[in-house]
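Heads up: the structure comes next, in structure tokens.
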Amino acid sequence: MKHRILWAAAAAVLGAGVIAAPFSLSAAEAPAPFQKSPPGEYAALREQLAARFGGRTPKEWGETVTGVKTRLAGGGMAIALTFDACGSPRGKGFDATLIGFLERERIPATLFVSGLWIEANPELFRRLASNPLFEIANHGHRHRPASVSGQKAYGIQGTRDVGEVVDEIELNARRIEEVTGRRPAFYRSGTAHYDEVAVEIAAALGQRVAGYSLLGDAGATFSAQQVRDALLKARPGDIALLHMNHPESGTAAGVMAAIPELRRRGFRFVPLSDVAVE
């Protein structure tokens, strides 16, 4: 599959923020294994972005730096449920109870999936990507904070320069596209930490950086009651951050307890690409 970065169209991609739902992929149609050695086209892209952003010194660091989208735009009672699959040594699991509930209740969600998690769960990833309820988004090639200077978050080493930022974003975007047939529209770094230069690099790669406005499970450390209580504080337009890779956590039970009440209050659930973000 050819990969092209159309610089002239980047603004239009970012402004629209819309991708089609993933389509079903049979085992016979499964693509060849992801090629870890970037071709010449990729090397040229990497060099171009290094020249464009390499002289920049970031001034911001955190979860809500300039360019990070944290809420849904417009009116209405929409909430976006987003679930990270991180793929760290203790984060390669799958919360089948949680995903089964979303499927039974027909609740759309955006799944931010890292390259590490995909490698640990390739067939499961294909199944999730084939379900039109779920929008697949980019959680980074190696689940690293997005920095051009090696900033750490929660003890995790961030990317150290422009080239590593490009690798972290683009390699996983291409991996996802190989499986789903659709390039992801949204990116969230490992730990959801960035500097503003890394956010601009993501934009140049056609990726909108999605933060959050509602902390749903605090890295899958909340109890079921805490998850429920957090979600019941939702306001229209919230983007909720939760996790789908820790079946031992209270996330599933908390989500299942909160959803009926949120529905009773008139909220509806949307994937990020169904609405504008701000």
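The values are calculated or read from the model by the stated rules, or taken from the named source; none is laboratory data. Small disclaimer: the values here were computed from a predicted structure and weren't measured. Neighbour counts are summed over all protein chains in view; Cβ atoms, including those assigned to glycine, are modelled from backbone coordinates with ideal geometry.
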Note to self: Can you confirm whether residue 232 is of a type outside the set (S, T, N, Q) and in contact with a strand residue (DSSP E or B) (Cβ under 7 Å, 6 or more places away or on another chain)?
What the structure shows: no
Note to self: Quick check on region 111-123: of everything there that is more than 14 Å from the chain's Cα centre (by Cα) and either among the acidic types (Asp, Glu) or under 20 Å from residue 271 (Cα atoms) (or both), which residue is surrounded by the fewest Cβ atoms within 10 Å (Cβ to Cβ)?
What the structure shows: 123
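Inside region 44-55, can you point out the residues that are at pLDDT 95 or above and either assigned to a loop (DSSP other than H, G, I, E, B) or under 28 Å from residue 267 (Cβ atoms) (or both)?
Our first condition is that a residue be at pLDDT 95 or above; within region 44-55, this holds for 44-54.
Of everything in region 44-55, just one residue is at pLDDT 95 or above and either assigned to a loop (DSSP other than H, G, I, E, B) or under 28 Å from residue 267 (Cβ atoms) (or both), namely 54.
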Next item on the list: State which residue is surrounded by the most Cβ atoms within 10 Å (Cβ to Cβ) when the search covers only region 249-278 and only residues that are among the polar types (S, T, N, Q) and under 22 Å from residue 91 (Cβ atoms).
Entry: 251
Margin query: I need every pair where a residue in region 80-106 that is more than 19 Å from residue 122 (Cα to Cα) has its Cβ under 8 Å from the Cβ of a residue that is in a loop (DSSP other than H, G, I, E, B) and aromatic (Phe, Trp, Tyr), sequence separation at least 6 or different chains.
Written below: 82/212
Next item on the list: Return only the number of the condition from (1) surrounded by fewer than 24 Cβ atoms within 10 Å (Cβ to Cβ); (2) out of contact with any Lys or Arg (no Cβ under 9 Å at 6 or more places or on another chain); (3) touching a residue at least 24 places away in the same chain (Cβ under 8 Å); (4) not aliphatic (A, V, I, L, M) that residue 200 does not satisfy.
Entry: (2)
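Determine whether region 214-228 contains at least one residue that is touching a residue at least 24 places away in the same chain (Cβ under 8 Å), closer than 19 Å to residue 116 by Cα and surrounded by 21 or more Cβ atoms within 10 Å (Cβ to Cβ). Outline the logic, then answer.
Of all residues in region 214-228, those touching a residue at least 24 places away in the same chain (Cβ under 8 Å) come to 214-217, 219-228.
Filter again for closer than 19 Å to residue 116 by Cα, leaving 219-220.
From what is left, the residues that are surrounded by 21 or more Cβ atoms within 10 Å (Cβ to Cβ) are 220.
Yes; the residues of region 214-228 include at least one that is touching a residue at least 24 places away in the same chain (Cβ under 8 Å), closer than 19 Å to residue 116 by Cα and surrounded by 21 or more Cβ atoms within 10 Å (Cβ to Cβ).
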